[in-house]
Each structure stands twice: as C-alpha cells, then as structure tokens.
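Here is the structure we will look at, set down as structure tokens.
Values in this text are rule-based calculations from the coordinates and carry no lab data. Note that the structure is predicted; figures quoted are calculated from it, not measured. Note: ideal-geometry Cβ built from the backbone for every residue, glycine included; neighbour counts use all protein chains shown.
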Amino acid sequence: MLVSAVTLGCALLLGQVEAPEEPEPWDLQMALPDASSPQQPSAGQARCLALPPTPAVPSGAWRARCDDAKKQCLVSPANELDSEGHEKDQPLQRVDRCVSNLMPMETVRQYRLVPAIAEAPPGWYRDERGRVLQYNFDLHRRVYVGGAWAPRWLRETDRLDERVRVDFGVDLEWPGDSERLHRMTLLDTELYLGDAASYDVTLLRYDFRSQNDAPLFRVTTFYGRPRRFDIHANLGFWMELLHGEQVRRGDAHGDFLSVATTQVTLDLWHSSDLVSYVRLRTGPAVERDRTNGFFTLVPAAALEGDLTLDRDGFHHVRFGAEAQKVLLAQAVEGRPLRPERLRLRAGYELIVLAINDQPVSVTLDGRGTWRDDVANAPAGWEWSAQAGLRFSLWAPARRSAPASPPGKG
Amino acid sequence: MVALALALLLGTTPGLSCQGRTAAGETFPTCFDPGTGWVLGTGLRVQDDAESLAVRTGFLVRWVRTSGSKADSLWIDSHRLLMTEAWGGEQQGLTFTAYDGLLRRHVEEGSLLVSIGRPRRIPFPFDVALAVRAAHLERRVWEGPGWTLETGRVGLLLDPLRTNTERGWLAVGPAASHALRHAPDGTRNEVSPFTSLLIDAGWETRDGRWALRATGLAGWSFGSDGGAGFRARGEVALEHVLLAVNDAPVVVRLTATGVKSDAGLFRRDEGMLGAGLAVRPFGAR
C-alpha cells in the first residue's frame, strides 16, 4: 500500500504519464466521378470504404477497386447520384458486392484515391451517376410481341388485301458442347387481321449448327503428284413440330397442318460465334391437309440466312427461299395432284430504342409466295410488304458482348 | 525372302512410298489393294442391245502369309464374299456368290518328287493354286420362274508366272463343278468332273491404281438327263482408281463378258459390256 502510494505520487510529480495520441482528423473531400473518369475493372475484390462525409456523399459510403502494388484505388460512390450530383438511397445495381473491413482507415490514407465509375457487366453501360443501362441485346433470346401493317397483293386476280399482322413468340438460344449452337422458337405466331384473315403458327422449331474442324470429305487425287483436298462441311439439324397455316385467296381457302418436319442443314457460311449463317436446308415433312382430310408428304429445300450485322445486336437481316412439293396427296378437284409452293422472304429488324432495357425494334418484311395447293384458287404469286414494331422482353446481352462499354475501348 | 514376306504382310511395297503428305503435315494413303475392301458400285450394262442400270456390292479380302508347314513358301489368298450384282431394265436379273476364292501357293524353287526307286527331285516351274467357288446363284426375272445355282466349283490350277506378290498371277487348270438349273418343269443337275478348263489371271500396278483381271471357263458338263454339252464363258475387268474419298478409292470399272451355251436357264449365248463406278471403303493399302 505504501509502495503504491509512493509510486503514484512520484509519477504525478514528475509528470511521467502521457495521454493516448488522438489521430489527426482526415479532411479528405473525395471528388465525384465525371464522364471522363476511368471505370473500375471487374476483376478483383471490391472493397467497401467509409470516407469522410462530403456534401455530395454524406453517408461516406464508397466502393473501391485497388491496386496494392501502386497503392492506388479507383473509388466510386456506393449509391447512385441524382441529377444534382447528390447521393440517393438507391445502391448501385449490377455490381459485385463490396467487402467491408478489408482496409483499415490508416491503410486507406496511404493510398491514392481516384474518382471512378463503377464497373458494369458485359453489354451494359454505367454513366457517371452510377446508373446502368443495357446497350447490347440478344434478339435470339427473347419473348416478343409486335404488330405490323401487312397489305397483300394477289397478282393473278390483281386484288389488294388490307391486313395487319400481330405476331408473338419465344426465341431461345444456347451453346452446346464442341462448338455447337442450339436455337429454339416456341409459339411462333403470326395472325393476319383484316381482309382475308388467316394465321401461321408453329408450336416448336428447333435447330442446331456446329463448327466442325475435321473435314467431312478428304478427296485424294493421283494425277500428277498425289494431293489431298479437304472438304469441310458444317452439317446441322432442323425440325418443326405442329406448324399450322391457313391460306385464304378470295373465297377459296386451305388449312394445312405440318405435323413434323425434319431436315438437315448445310452451312454455306457462319460467323465464328455461329449466330449468323447462310445455309441450305432440306428434308421431308408429314402434313395434314385439313381442308380435304388426308395426310401428305412434303419434301422441301431452302436457302436461308440470318445475319446479325453489328456487335451489339441492333441490326438483323433475315432472308430465305424455300420450295416445297406436296406428294402422296389424293386427287382434289380444282388443284393439281402434286401441288407446289415457293416462298420468298427478306426482312430487316432494327432496334430503335429500349424501354427499361427492353428493346423496341422496327421490322420491315417483304414476302412472296407462289402456290397451287388451294383448290379453286388460281395458281400464282402473292406479295406482301410489311412494316411494324416489335417489343422484346428478356433480350439479355449477347454472349459475345464486350466487357468495355462503347467509348471505353 | 523373309524380309519380302514381312513386307508383303505389312502391306508395303519396297521402293514405293504409299503415303502422301498435306501442307499441314497430315498423311494420306496413295496405294490401294484392289483385292481388299467393301465394294459398293453402280454401273451401266449393255446386253443384247438392252441397257440397264446395275448395282454391285460385296466384300474382298486378300492376304499374304508364310506357310506354316513348308519352307520358303507363301500363300497368297484372295477371297470374295457375298458378291451381289443386280440390274434392272427389260432384262432384270441378279447374281449372288457366297464365296469365290483363289488360294495360290508360291515356292522359291518348285520341284516334283519322284519316289519310284531312289527319290529324285525334278524342277517344277509352276506354282499351284486352288480356285474355289461356292453357292453361285443366277436369277433372271425376264426368263420366267426358275434359277441356276452352282453349288460348288473347284479348280486345281498351275501358275507359270510364279510371282511372289499378290499383284500378278496366271492360274490355269482343270475344274470340277456341280450346278442346278431349276425351271418350272423340274430341276436339272449338271456336273463337270474336271472336264472344264479354268483360267484366272490378274495384273496390278504396284500402287494398286490399275488392276486387270480375266477369268474364263470352258469345257463339257453332263446333265442328269444324260446329255452333255460344251459351254464356255469369260470375263475381263479393268479397274482404275480415279480418286479417293476419305481414303476409300473410287474406281471406274470396265467389263466385257462373253458366254457360250451357259447363260441362264436355257443356256444361251450372250455378250455383255459394262462400265461403272465403285467405291471401296477399307481398300487402302
């Protein structure tokens, strides 16, 4: 007791006890990013930072991607900003979750903090306010609904039908193993309203194509020095189930239901990602002539193409020419025993805007059909020019979407 | 000798490269075995001024092996299995041969052993060969109901060429056969008890792109009704490899056939020319 009292007294007298040193206050006023600011990379771990409050970011909540070697962090507000440049309650969307407590404040103070725009997923763009928007669309993965003005001219009778088209359907696409791409369309529906109302509906359409590096045929010649010529052929498969079509020409009409169609495809050209192609397609179909009540066999051959013209999927061109021959039909008065059909089409679809990241596209189509399978209707051509709008749901970014947004290289 | 036999067994020809090479470094065969593969062919036949389209298929197998029991001896065997040819037109018909083979034995120094008295060895300048054919059916729709079936034929042949490769042979000798000619009025047996002469000759280039084969049979056969008759038939076939698809040779084949008193149910005289294309998968050497 005595010893302790003496010790304490001496300490007080000599003033040997020092109070803990308070850290200097950090008066950092972190600047907001602007349009020219760098973008945070997607790689690495995002770190949550608590910086001194500023008038723009009073919460002091920031997120950073840091280069520890350079002792530099690209820093962006953790929340979106309003038009005045003030922090909102809305956290940044489509960013990786940041991890707290990875950097003590003492460590942060040793780093150079650079205002930056938070990262965005491939196919998406983030502005300086932190808002994210999609600029790359995959129209082969969508649920679509649209309408078009679709007049039709019958050449034989010189008749013009005023019609509109309502269309909807579901497009799916997914890559498979070994450089193969699968594509499926469900409920591909076109309803024509107005004069000569009719429909064209397919329950399911599926196809795949692939890139085969091994030649399908190796041809060796022996005249002169033996030489081998490799013939590469990228074969695929195409099928339809339940394709119903109603045809009306004046007072005559025909209802056809193609129960199942299986065809092989030969790609004349396809893009490296297999999305765009020009190909030949041929095979048979079993069809029900619902008007006359019998089944027929319909072999067909087609040349068709589907081209996505730009990186971001805004421009699409589709074209095709298909010939069909109806076999095994029963005799029907007013039409040949083995009718034929020839269908031509060419179309262009352009995304003109996106509403809440759902694209709205303009569709332009030209179609021509020659057929003599409708009893008591003169054989001949019908032509239709169609123009309309289409609204697409889902439509995610393309698989080939670049990680860097436009202008960020 | 052993080295040559091994080379033949391995399907290579000394001094001849049987491999081509692409710019990418991949190799491909440039030599083919006309006696090996699965034949799938089609062609045009002209018979008695009537043209018809024919299809042809069958399996060819050929190998060279050293004799297990005799020294310095090679067996060079060619087998033709399930050879089928059918043709349409006004004179529809079909031939089918279950098996047709030529088994040729080559020796370095042929000899005869004379065992009368002190055994003596006499030079014998021939190889021996055995020609066997089983179940050869001929059906001619245009002749009406009926068919001809050669149940079996065997020829004991000698080959003066005595080549030690499968690329050339000339085998000649007597042959025995039995045949049935079935017509609506009954079935007739015909036997040729080695009273016919059979010839089987062939020549092929080293790379197998050209092949010529000639077969012939002439002699007397005796029917079950007591009658005897002379008949003869011969066929020449020339094959040339035009190109190869996936290493399978595509061959043009020209044939000429002449028959005297042996064609069909009624033992007609006939002449026929043919030209066709065939692909022979597994025919690379």
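Worth a mention:
- Excluding exposed DSSP-loop GluC sites (Glu not before Pro) (at most 14 other C-beta within 10 Å), longest clean stretch of chain A: A:163-332
- Across chain A, the relative contact order, built from alpha-carbon pairs under 8 Å that are at least six residues apart, equals 12 percent.
- Most mobile of B:35, B:229, B:274 in a GNM of chain B (Cα contacts under 10 Å): B:229
- Considered as an equivalent ellipsoid built on the Cα gyration tensor, segment A:37-134 has semi-axes of 20, 17, 11 Å, the largest given first.
- Taking 7 Å steps out from each Cα toward its Cβ at residue A:36 and residue A:172 produces label points 4.9 nm apart.
- Amide H to amide H, with H built 1.01 Å from N, residue A:380 comes under 5 Å of A:371, counting only residues 5 or more places away or on other chains.
- Cβ-based net charge around residue A:189, under 11 Å, with every Lys or Arg adding one and every Asp or Glu removing one: -3
- Between residue B:156 and residue B:261, the contour length at 0.36 nm per residue exceeds the Cα-Cα span by 35.5 nm.
- Label-point gap, in nm, between residue A:318 and residue B:19 - each point 7 angstrom along Cα→Cβ: 5.1
- Each residue in A:105, A:184 was given a count of other beta-carbon atoms within 10 angstrom of its own, and listing them fewest first yields A:105, A:184.
- Between residue A:69 and residue A:29, the FRET efficiency estimated from the beta carbon spacing at R0 = 41 angstrom works out to 0.95.
- If you take all other residues with their beta carbon under 13 Å from the beta carbon of residue A:264, and give Lys and Arg +1 and Asp and Glu -1, the sum is +1.
- Couplings for segment B:226-236, taken from phi via the Karplus curve 6.51 cos²θ - 1.76 cosθ + 1.60 with θ = phi - 60°, read x, x, 10, x, 8, 9, 8, 8, x, 9, 10 Hz in order; Gly and Pro are left as x.
- The label point for residue B:222 and the one for residue B:165, both projected 7 Å from the Cα toward the Cβ, are 4.4 nm apart.
- For the protein assembly as shown, calculated [θ]222 nm from helices alone, where every DSSP H run of n ≥ 4 adds -39500 (n - 2.57): -1000 deg cm²/dmol
- When the trypsin sites (Lys or Arg not before Pro) in segment B:52-160 are filtered for DSSP coil states and for at most 14 other beta-carbon atoms within 10 Å of their beta-carbon, the remaining sites are B:70.
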